[in-house]
Amino acid sequence: MQGYEHLDPFEPMTVIQSRPLGLEHLLHGDHLDIPARELMTPRVVSVIEDASLHEAFRVMSTHHIHAILVVARDTGRPLGWLTSHGLLAHAGDKRVTRAREAIMDCPACVEPTAPARTAAQLMLDRGISHVLVGASAEVPPQGVISDYDLARLASL
């Protein structure tokens, strides 16, 4: 990750290399021993796979979130995460019109009794920012743990 520092309003922006911020430093310590169900945000905001990108933007804006779960119309099975970054990447692309076409992250799931450390490790291993909490990825989740939740936990 690069940091930016604007030194002079009349000079070009200078790029400054900064230390990448990852979850690796969060994996140490007792704070991640709590069960996933105690850290998760209950309920998961989702859209049906054939929702328009405009609808997805509206849902994110309404709920003040940066990712929504895309689910299958017929089964409700989680298909993946649509992120604000992904939506912006497809803005104006006439070929991508539905939520399922703009999925950025595949769903991952931990059991409610699993330690939060398991969710953090899944995020690191798969390069994702959200992990569902539930019995399996095939049934509706009880909640979600985000990278923000882990950062908040580390700050306590």
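Our estimate of slack between S52 and L88, defined as 0.36 nm per intervening residue step minus the Cα-Cα distance, is 11.6 nm. Rounded to the nearest 5, the antiparallel percentage of DSSP beta bridges internal to region 32-155 is 75%.
Give me L124, L79 sorted ascending by neighbouring Cβ count inside 10 Å, so fewest comes first. Intermediate results must be reported in sequence, preceding the final value.
Numbers: L124 15, L79 20.
Result, fewest neighbours first: L124, L79.
Each peptide in 53-63, 112-122, 34-44 gets a packing score, the mean of other Cβ atoms within 10 Å over its residues, and the list from highest to lowest is 112-122, 34-44, 53-63.
Only the coordinates and a few stated rules stand behind these numbers; no lab work does. For clarity, every value in this text was computed on a predicted model and none was experimentally measured. Note that each Cβ is placed from the backbone with ideal geometry, even for glycine, and that neighbours are counted across all protein chains shown.
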